[in-house]
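Asks: Before I ask anything, here is the structure I am working with.
All of the numbers you see were taken from the coordinates with simple rules; none came from a lab. Since we're looking at a predicted model, the values are computed, not measured. Backbone-built Cβ (ideal geometry, glycine too); neighbour counts: all protein chains shown.
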């Protein structure tokens, strides 16, 4: 049994970490960190944990926390962990960060897109990008894991086999992504109020969304080159879920369905959490809700010589907390799906 601490336990991703870890037979949650609710009963903030969690919320003191636990999850805004990270913490515990602080390897790129100074760039090199199905071997034994973003997880996994196999033109990728409102966090924002979101859909962060360089960097590693993508996210009136529809030019316009399918099978057929759907079945967010599954499929468009790549995840699970638990399982040598064998919820 290992001990875990969560900083940011009262945000949506933090609360999802609590839900998942409560069902993990190898983990005990020792620290429910929340600067906004110090001293308050956790179950009064999230009533779904009534009689399951009796602890009060503690502060975000990483120096104290690292003496109490084996792993720290930081479900915090950008800049928090980078501002507090030091060698003392990493010498005592493993850290899984759900923010973007250690995802992007180039400090200048991070500072340009996130508009903040990176306070601990000396740890960026050793941080491993925790996209488990692609970087599993690199994750093992590491001290610091940068948990991928929700849009990036769905986008990269949808495209990865085809760019890795050289089947698509790397400079032709267009990503259309749609997310439920929980992706914006739990903070009070006028744009996320019910009346602002309900019965509407909108694009946002057009050409400027901060997940863009993360997607480009990781897909660049896949094809051993630099690339630029068009990435446009949309907000839809649902609680959870991300749907990605990505487009790219095929290098061989006469490529067969079987060849494309074989590329996905090559990388994903043995992955527990990746479900390659049957031919002509499109991914839907409702079939992954509440789970750590990623559903994927594709369609060849022969008239234009393009391929349409489609993926769906729950943004709070595979896009955040579930992937963080999956990373923890890899770090500590647990069964990778421990605590995550959850059947998607419907309705």
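Asks: Could I get the Rg over Rh figure for segment 115-178? Both from C-alpha atoms, Rh via Kirkwood, rounded to two places.
Replies: 1.04
Asks: Further question: Using helices alone, what [θ] at 222 nm do you get for the chain, with -39,500 (n - 2.57) per DSSP H run of 4 or more residues, divided over all residues and rounded to the nearest 500?
Replies: That calculation yields -8000 deg cm²/dmol at 222 nm.
Asks: Something else now. Using square roots of five times the C-alpha gyration tensor eigenvalues, list the equivalent-ellipsoid semi-axes of segment 300-347 in whole Å, biggest first.
Replies: Working: eigenvalues 200, 44, 17 Å².
So the three semi-axes of segment 300-347 are 32, 15, 9 Å.
Asks: OK, next. For a quick size check, give me the Cα extents of segment 213-306 along its three principal axes, largest first, whole Å.
Replies: Principal extents (largest minus smallest coordinate, Cα): 39, 31, 29 Å.
Asks: Radius of gyration and Dmax for segment 90-232's Cα atoms, expressed in Å?
Replies: For segment 90-232, the Cα-based Rg and Dmax read 16.4, 50 Å.
Asks: Just from the alpha-carbon atoms, what are the Rg and Dmax of segment 195-254 in angstroms?
Replies: Values for segment 195-254 (Cα only, Rg and Dmax): 14.9, 48 Å.
Asks: Here is a follow-up. Figure the gain on full extension for residue 87 and residue 278 (residue separation times 0.36 nm, minus the Cα-Cα span) and round it to one decimal in nm.
Replies: Numbers: separation 191, 0.36 × 191 = 68.76 nm, distance 4.79 nm.
The span from residue 87 to residue 278 would gain 64.0 nm if fully extended.
Asks: In terms of the Cα gyration tensor, with a ≥ b ≥ c the square roots of its eigenvalues, is segment 267-315 rounded because a/c is under 1.5, prolate because a/b exceeds b/c, or oblate? Present the calculation step by step, with values, prior to reporting the outcome.
Replies: Values: a/c = 2.75, a/b = 1.79, b/c = 1.53.
Judged from the Cα gyration tensor, segment 267-315 comes out prolate (a/c at least 1.5, a/b above b/c).
Asks: Still on this structure: Obtain the nm distance between the two label points defined at residue 234 and residue 266 by a simple spin-label model: each point lies 7 Å from its Cα along the Cα-to-C-beta direction.
Replies: 3.2 nm
Asks: What distance in nm lies between label points placed 7 Å from Cα along the C-beta direction at residue 52 and residue 22?
Replies: 0.3 nm
Asks: Dividing the alpha-carbon Rg of segment 170-273 by 2.2 N^0.38 Å yields what?
Replies: Cα-based Rg divided by the globular estimate yields 1.32.
Asks: Determine one quarter of the surface area of the Cα convex hull of the chain, which equals its mean projected area, and express it in nm² to one decimal.
Replies: 17.1 nm²
Asks: Starting from the alpha-carbon convex hull of segment 166-229, give the projected area averaged over all orientations, in nm².
Replies: For the Cα atoms of segment 166-229, the hull's average projected area reads 5.6 nm².
Asks: Compare the peptides 289-297, 253-261 by average per-residue count of other Cβ atoms within 10 angstrom and give them in order, highest first.
Replies: Numbers: 289-297: 23.4, 253-261: 13.4.
Most protected by this proxy first, the peptides run 289-297, 253-261.
Asks: Provide the percentage of antiparallel DSSP beta bridges, counting only those with both residues in the chain; round to the nearest 5.
Replies: 45 percent
Asks: What Kirkwood Rh does segment 3-92 have if only Cα atoms enter the pairwise 1/r average? Answer in Å.
Replies: One over the average 1/r among Cα pairs gives 13.1 Å for segment 3-92.
Asks: Further, regarding this structure: Compute the distance in nm between two label points, each set 7 Å from the Cα along the Cα-to-Cβ direction, one at residue 59 and one at residue 257.
Replies: Simple spin-label model gives 6.2 nm for this pair.
Asks: Let me ask something additional. Over the Cα atoms of segment 1-42, how large are the radius of gyration and the largest Cα-Cα distance (Dmax), in Å?
Replies: Here Rg and the maximum Cα pair distance are 10.1, 29 Å.
Asks: Here's a follow-up. Which value, in nm² and rounded to one decimal, describes the direction-averaged projected area of the C-alpha convex hull of segment 1-158? Walk me through the intermediate numbers first.
Replies: Numbers: hull surface 38.6 nm².
Average projection, Cα convex hull of segment 1-158: 9.6 nm².
Asks: By how many nm would the segment from residue 225 to residue 343 lengthen if fully extended, with 0.36 nm per residue of separation less the alpha-carbon distance?
Replies: 38.7 nm
Asks: Give the separation of the Cα centroids, segment 106-151 to segment 60-79, in Å.
Replies: 16 Å
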